[in-house]
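Before any comments, here is the structure.
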Amino acid sequence: MLRVALPNKGRLADATRELFADAGLEVRGRGERALTASLGGEFEALFVRAQDVTEFVADGVADAGVTGWDLVAESERPVDLLLDLEFGHCRLVVAARDESGIRAITDLPVDAAAPHRVATSFPRITRRFFAEAGRAVDVVPVSGAAEVAPHLGIADIVVDLTSTGSTLRVNGLREVATILESTARLITAPRRDPDGQRPAGPLDELVAALASVLCARGQRYLMANVPRAALDRVKQIVPGLNGPTVIDILNGGSIVAVHAVVPAVSVYRTIAALKALQATGILVTRIERLMP
Ligand code: AMP
């Protein structure tokens, strides 16, 4: 059995479950509070708090885990990064009270009799950051909602996660610096064979399955009928993975069908360009998995 620690609730839980389901590793038969559930085959999910995933992986309780990069960094446990899962985007930022006049880290005193207090649920990263910046601060660990600390007179600087910055602004805080950018990651405990390589194993299967879904999410499968005479120009518009597939249609030969994998972000532009070449019957579909 290969055990994968997954967030049991919170911001990363749903997207993690969805990604695993898309990769064919659907959570099967989990009760309301069940700690584990089968993901099919040799894979089993272990549901824990996102904050605890790194510990479980580093201690070998789970063979792999999914959690935010911010939490991995804060744990300071050595783990290997297997895959960036491309959801759970956020930034860990330093923010100061608007009225504090602090606009940059360099506005903080290098040495002060009464150092500024910084409220955060990321005390290790915060201490490291300010030490490297050479600024003396007093770190006040809080267990969450650091943005309210200034209102309570606990601190006038916070180090907190944000994605849009709106919660910080609503609380009268101004971003001063970004400490790290985070997304959800698949991690495992460091394991090396004598020549320094990660030994091949069933985890590779998991990585390949998840990577194929992530790759497919950014692409679309496009089909169109185009005049054979326009094929050279069509090839420039839809290069595909190895060039588009061109299929004969039983119509006397003047029209051919073109199939190609195209980037999802620019598919609307591709369609417009194909239309300009008199393409008809344009069809765009999602791709479940893609292994280029
Ligand atoms: P949870 O506390 O279980 O909801 O999970 C929080 C995790 O979600 C964080 O550690 C981040 O990795 C991620 N995350 C993504 N966007 C945000 C955000 N705007 N605020 C807080 N956490 C976020």
Task: Three-way shape call for segment 219-286 based on the alpha-carbon gyration tensor, with the a/c threshold at 1.5 - done: prolate
Open item on the list: Can you tell me the length gained on complete extension of the stretch Ala21 to Val110, counting 0.36 nm per residue apart and subtracting the Cα distance?
Closed with: 27.0 nm
Open item on the list: Using the Cα centre of segment 188-292 as the reference point, and only Cβ charges (+1 on K/R, -1 on D/E), how large is the resulting charge dipole? Debye, rounded to the nearest 20.
Closed with: 380 debye
Task: Three-way shape label, segment 90-181, alpha-carbon gyration tensor, a/c 1.5 - done: rounded
Open item on the list: Under 10 Å, Cα contacts only: if you run a Gaussian network model on the chain, which one of Leu222, Leu71, Leu277 comes out with the highest mean-square fluctuation?
Closed with: Leu277
Task: GNM flexibility winner over the chain from Gly29, Gly40, Gly253 (Cα, springs under 10 Å) - done: Gly253
- [ ] Express in whole angstrom the spacing between the alpha-carbon centres of segment 157-223 and segment 55-84.
- [x] 11 Å
Task: Acute angle (nearest 10 degrees) that the helix 267-276 long axis makes with the longest principal axis of the chain, alpha-carbon atoms - done: 30 degrees
TODO: Take the Cα of His259, step 7 Å along the line toward its Cβ, and report every residue of segment 210-233 whose backbone nitrogen sits under 14 Å from that point.
DONE: 221-225
Task: Derived scalar couplings ³J(HN,Hα) [segment 110-121; Karplus, 6.51 cos²θ - 1.76 cosθ + 1.60; whole Hz; x for Gly, Pro] - done: 5, 9, 9, 5, 10, x, 4, 9, 10, 8, 6, 9
- [ ] Relative to the longest principal axis of the C-alpha atoms of the chain, give the angle of the C-alpha long axis of helix 13-22, reported between 0 and 90° and rounded to the nearest 10°.
- [x] 20 degrees
Open item on the list: With angles folded into 0 to 90 degrees, how steeply does helix 123-132 sit against the dominant principal axis of the chain? Use alpha carbons for both and round to 10.
Closed with: 80 degrees
Open item on the list: 7 Å from Cα along Cα→Cβ at both Arg286 and Glu205: what's the point-to-point distance in nm?
Closed with: 2.5 nm
Open item on the list: What FRET efficiency comes out for Thr178 versus Leu250 if R0 is 51 angstrom and r is the Cβ-Cβ distance? Round to the nearest 0.05.
Closed with: 0.30
Open item on the list: Below 8 Å, C-alpha to C-alpha, sequence gap of six or more: please give me the relative contact order for segment 90-181 in percent.
Closed with: 48 percent
TODO: Filter the trypsin sites (Lys or Arg not before Pro) in segment 95-144 to those in DSSP coil with at most 15 other Cβ atoms within 10 Å of their Cβ, and list the result.
DONE: Arg103
Task: Debye-sum result for the chain in log10 I(q)/I(0), which assumes one identical scatterer on each alpha carbon, at q = 0.08, 0.09, 0.11, 0.13 Å⁻¹ - done: -0.53, -0.64, -0.83, -0.96
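Over segment 98-148, what relative contact order in percent results from Cα pairs under 8 Å that are six or more residues apart?
40 percent
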Task: Of Glu44, Glu86, Glu99, the one that fluctuates the most in a GNM where the chain has Cα springs shorter than 10 Å - done: Glu99
Task: Percent carbon-and-sulfur accessible area, the chain, ignoring ligands, DNA and RNA, probe 1.4 Å - done: 51 percent
- [ ] Mind checking the full-extension length gain between Arg33 and Ala229? Use 0.36 nm per residue of separation minus the Cα-Cα distance, one decimal, nm.
- [x] 64.3 nm
Task: Mean Cα-pair separation over length for the chain, i.e. relative contact order, pairs under 8 Å, 6 or more apart, % - done: 19 percent
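The values are calculated or read from the model by the stated rules, or taken from the named source; none is laboratory data. None of the values given here were measured: they were computed from a predicted structure. Here the Cβ is made from the backbone with ideal geometry for all residues, glycine too, and neighbour counts use every protein chain on show. For accessibility, only protein heavy atoms count, side chains too; no ligands or nucleic acids. Shrake-Rupley method; radii C 1.70, N 1.55, O 1.52, S 1.80 Å.
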